Amino acid sequence: MLNLEVVGQGATTKIYRDGDMAIKLYLNTTSDVADNEAANQQFAYNKGLPVPKVYGVRKLDNNTVALDMEYIQCQPLMKQRMDKEERNNAIRTLVMLQCEVHKVHANGFPKLTDRLVWKIKMTQHLDEPLKSSLLSLIDQLDNNSENLCHGDFHPLNILYDGSKHWIIDWVDACAGNPLADACRTYLIFKQHITRLAGTYLRTFCKEAKAKQGDVLAWLPVVAAARLDENMDDKSRSWLLGLVQEWYHSQNGDVK
């Protein structure tokens, strides 16, 4: 694509460095995805959140879409071989940043619950009775909050430059209930860094003055909405098990 240093890569994106600029290329996606992330990131920047500056979106000669932004020399928030104190400090930092995001009012952003509803309706991994129960649960949990939610807040999306932490990857930003946003973070910890999931949940609830049960109430919905994301069959089966366990408990089934 570009004759530049690759500094990051995701399932649908690749990030290059060009001096003081980072170029995020979107692979097999339409230009509106890049426009959306640029707008979300600019909004967060304007609200004083620690995000890289946005320079603009452009189309390259091969019709690939690029988001140009400030390049920051950073390392991920968490890395291997951290001791217990370092891990706990990293989680505290993550929670503090997440709560700062949640303080921002995001009227006009897509609603988190609408996104969850759409993902659950579209998935082929659930039958209609289960979908119906999940949609009813969303109705019960939805309090019409319009807090800014990052949508994919986890350690790999927090970078550290030696003096400041930065929040990246704003493509899924939306308006909604912070507890749902926190539940997704908890679920990601549970999937990938299991031993730290409880620490994250306790730390978040203490900082946000929330009850663990109120965060975990979103778990079936958040797990169901992740079923069509890019992951291996074992991870998808585990998520499906969480959803089915909740469904059977609601219906008094013995499993």
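The values are calculated or read from the model by the stated rules, or taken from the named source; none is laboratory data. As the structure is a prediction and not an experimental result, all values here were calculated from the model. Positions of Cβ are generated from backbone atoms using ideal geometry, with glycine treated the same way; all protein chains shown enter the neighbour counts.
When you scan segment 162-187, how many residues do you find that are over 27 Å from VAL7 (Cα atoms) and small (Gly, Ala, Ser)?
4
Would you confirm whether or not segment 159-176 contains a residue that is in a helix (DSSP H, G or I), out of contact with any Gly (no Cβ under 9 Å at 6 or more places or on another chain) and either modelled with pLDDT under 95 or not aliphatic (A, V, I, L, M) (or both)?
The answer is no, given that none of the residues of segment 159-176 is in a helix (DSSP H, G or I), out of contact with any Gly (no Cβ under 9 Å at 6 or more places or on another chain) and either modelled with pLDDT under 95 or not aliphatic (A, V, I, L, M) (or both).
What number of residues within segment 49-77 are under 15 Å from TRP166 (Cβ atoms), assigned to a loop (DSSP other than H, G, I, E, B) and in contact with a strand residue (DSSP E or B) (Cβ under 8 Å, 6 or more places away or on another chain)?
Going through segment 49-77 one residue at a time, the tally reaches 9.
Sort out which residues of segment 13-66 are hydroxyl-bearing (Ser, Thr, Tyr) and either over 17 Å from the mean Cα position of the chain (by Cα) or in the same structural domain as LEU159 (by TED's automatic domain parsing) (or both), and write them in order of number. Steps first, answer last, please.
Going residue by residue through segment 13-66, those that are hydroxyl-bearing (Ser, Thr, Tyr) are 13, 16, 26, 29-31, 45, 55, 64.
Within segment 13-66, TYR16, TYR26, THR29, THR30, SER31, TYR45, TYR55, THR64 qualify.
Suppose we filter ASP20, ASP68 for residues that are touching a residue at least 12 places away in the same chain (Cβ under 8 Å), of a type in the set (Asp, Glu) and surrounded by 14 or more Cβ atoms within 10 Å (Cβ to Cβ); which single one remains?
ASP68
Do the conditions hold for THR123, that is, is it closer than 26 Å to LEU159 by Cα and among the hydroxyl-bearing types (Ser, Thr, Tyr)?
Criteria not met by THR123.
Residues of segment 93-107 being under 17 Å from the mean Cα position of the chain (by Cα), surrounded by fewer than 20 Cβ atoms within 10 Å (Cβ to Cβ) and farther than 13 Å from PHE153 by Cα, which ones?
Within segment 93-107, LYS103, VAL104 meet the criteria.
In segment 188-198, is there at least one residue being of a type in the set (Val, Ile, Thr), out of contact with any strand residue (DSSP E or B) (no Cβ under 9 Å at 6 or more places or on another chain), under 30 Å from SER31 (Cβ atoms) and assigned to a helix (DSSP H, G or I)?
Yes, segment 188-198 contains a residue that is of a type in the set (Val, Ile, Thr), out of contact with any strand residue (DSSP E or B) (no Cβ under 9 Å at 6 or more places or on another chain), under 30 Å from SER31 (Cβ atoms) and assigned to a helix (DSSP H, G or I).
With respect to LEU187, determine if the residue is surrounded by 21 or more Cβ atoms within 10 Å (Cβ to Cβ), in the same structural domain as VAL101 (by TED's automatic domain parsing) and free of Cβ contacts under 8 Å to residues at least 24 places away in the same chain. Reasoning before the result, please.
Details: surrounded by 21 or more Cβ atoms within 10 Å (Cβ to Cβ): yes; in the same structural domain as VAL101 (by TED's automatic domain parsing): yes; free of Cβ contacts under 8 Å to residues at least 24 places away in the same chain: no.
No.
Quick check, is ALA44 aliphatic (A, V, I, L, M), touching a strand residue (DSSP E or B) at 6+ places or on another chain (Cβ under 6 Å) and outside any strand (DSSP E or B)? Can you show your working first?
Values: aliphatic (A, V, I, L, M): yes; touching a strand residue (DSSP E or B) at 6+ places or on another chain (Cβ under 6 Å): no; outside any strand (DSSP E or B): yes.
The answer is no for ALA44.
Suppose we filter segment 1-27 for residues that are assigned to a strand (DSSP E or B) and closer than 21 Å to VAL51 by Cα; how many remain?
Counting residues in segment 1-27 that are assigned to a strand (DSSP E or B) and closer than 21 Å to VAL51 by Cα gives 16.
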